[in-house]
Structures are given as C-alpha cells and as structure tokens.
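J.: Mind having a look at this structure? Questions to follow.
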Amino acid sequence: MGEIDDAIERADREGFTRQPPKTLQARINFLMKQLKTTKAVAAEIGVSQRSVERYRKGERKHPPQAITERIDAAVRQRWQPQVRRRRRKQAATTRGITVETRARFGYTAPIGTTDDGRFRRLTVHLPPTYAQRLFNARDTGAGDQQMRQIIAEGLKDIYFQDSGSRAMTLTDVTLNDIDYLDLDY
C-alpha cells in the first residue's frame, strides 16, 4: 500500500463509532460471522482450519505475532462498513476532505518567478469533488502516484490559486518527498 492508501485507512479507523472486538476469540467469531466457514477464515488469515477451531473455542489464546496482525487487519477491514461508507459519501458529497501534510511541493510557473520545490507544511480543506475523485481512484485500483496527483491538483486550486483569485499562471503542482500525510473526513 502507498502513503495515500495508508492515510485513507487511518481516516477510516478514526471514524469507527465502536471499537472492534478485543479478544482473539471474539475476533475469530466476528470473522466467522462475516466469512461463514472456518475454511474461509483459515484462508483469510493463513492458518489451518483446525487452528481457527482452536482459536474459536479458546484452546489457543496466543497465536504468533504475524498471525495476530493478519487477524487484526481482517477484522478492521470488515468492521463497521456502513459507518465507513456513510463517512465517505458525506465527504464526497457535502463535507469534503482535509489534507494535512508536510511534503516538497514543486510547480511549473512562468519564467522569472520562483518554481523551486520546497518543503511546506499545509493543512487544507478540499471540496467534495476532490474527495470523490480520490475515493473513485482508490476503488478502481489507482496507484499512489495517481492519488498524489489528485491531492496535488486540489492543493493547487485551493491553496496556491486560492480558488481562482491568484497565481492563475501556475500550471502543474507536484507533491514529492512526503514527510507525512494525514486525511480527515
């Protein structure tokens, strides 16, 4: 996963209205409800069916760290899908998305102006159209570079050009060397 995918996942987790199950047995039972069979759960987390049965009964309570992480990821991926869908829909239709980042921004500008890339720390609220484009790109399997470009276009429009009131000759903005990137919606 890329930096943008990770940021979207973090934003999704922050939107949970309830915390996922804590115990191993409760997590396995949740996965059983979602996937229906021990065979499907075993395939999802990379263990044998018998191991899934032991986890479910509480006979085994401490799987290896790698298995614990896969169980955690599988549960979080399926936890509160309605809440995730509702928050994404609101972001894409009414609320928009807030991008907080520290990255090197470069841009193409007319000759005689400075277009040297430099690190900036920005917190910018992007309109719903950019959130919709970002979610659509992610859902269609777009790469991290494509999603960076969507965010860069939003930052160009809202931050650099102030929604069309300045820097109209600014053309391409690039988002490079991301120190951190966080999304909120």
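The values are calculated or read from the model by the stated rules, or taken from the named source; none is laboratory data. Source: prediction; values computed, not measured. Cβ placement follows ideal geometry from the backbone for every residue including glycine, while neighbour counts extend to all protein chains displayed. To get the accessible areas, we keep the full protein, side chains included, count just its heavy atoms, and leave off ligands, DNA and RNA. Shrake-Rupley method; radii C 1.70, N 1.55, O 1.52, S 1.80 Å.
J.: Can you tell me which of T93, T68, T98 is polar (S, T, N, Q), touching a Leu at 6+ places or on another chain (Cβ under 8 Å), modelled with pLDDT of 90 or more and assigned to a helix (DSSP H, G or I)?
T.: None of the other options fit; the residue is T68.
J.: Also: Here's a check for you: in the stretch 119-136, which residue that is assigned to a helix (DSSP H, G or I) and not charged (D, E, K, R) is nearest to E153 (Cα to Cα)? Let's see the steps before the verdict.
T.: So the first thing to find is which residues in the stretch 119-136 are assigned to a helix (DSSP H, G or I), and the list is 128-136.
After this cut, where a residue has to be not charged (D, E, K, R) as well, the list is 128-132, 134-136.
Values: P128: 13, T129: 11, Y130: 8, A131: 12, Q132: 13, L134: 11, F135: 15, N136: 15 Å.
Ranking the candidates gives Y130 first.
J.: Just to verify a result, which residue in the stretch 101-143, among those that are surrounded by fewer than 19 Cβ atoms within 10 Å (Cβ to Cβ), touching a Leu at 6+ places or on another chain (Cβ under 8 Å) and hydrophobic (A, V, I, L, M, F, W, C), is modelled with the highest pLDDT?
T.: Once the filter is applied, the top-ranked residue is V124.
J.: Within the bounds of the stretch 72-86, is there any residue that is farther than 29 Å from Y180 by Cβ and outside any loop (DSSP other than H, G, I, E, B)?
T.: Within the stretch 72-86 (the criterion being farther than 29 Å from Y180 by Cβ and outside any loop (DSSP other than H, G, I, E, B)), the answer is yes, since at least one residue qualifies.
J.: If you don't mind, there's one more thing I want to ask. Tally up the residues in the stretch 69-89 that are open to solvent by 50 Å² or more (accessible area, probe 1.4 Å) and within 16 Å of L31 (Cα to Cα), please.
T.: 5
J.: Could you check Q65 against (1) within 20 Å of L183 (Cα to Cα); (2) open to solvent by 80 Å² or more (accessible area, probe 1.4 Å) and say which number it fails?
T.: So the condition that Q65 fails would be (1).
J.: Could you check the stretch 33-46 and list, in sequence order, the residues that are under 27 Å from the mean Cα position of the chain (by Cα) and open to solvent by less than 70 Å² (accessible area, probe 1.4 Å)?
T.: Result: L35, A40, V41, A42, I45, G46.
J.: Quick one: in the stretch 1-32, of everything that is assigned to a loop (DSSP other than H, G, I, E, B) and open to solvent by 70 Å² or more (accessible area, probe 1.4 Å), which residue is nearest to Y130 (Cα to Cα)?
T.: So the first thing to find is which residues in the stretch 1-32 are assigned to a loop (DSSP other than H, G, I, E, B), and the list is 1-2, 15-23.
Retained after the next criterion (residues that are open to solvent by 70 Å² or more (accessible area, probe 1.4 Å)): 1, 17-19, 22-23.
Values: M1: 20, T17: 25, R18: 28, Q19: 29, K22: 35, T23: 38 Å.
Restricting to residues being assigned to a loop (DSSP other than H, G, I, E, B) and open to solvent by 70 Å² or more (accessible area, probe 1.4 Å), the top hit is M1.
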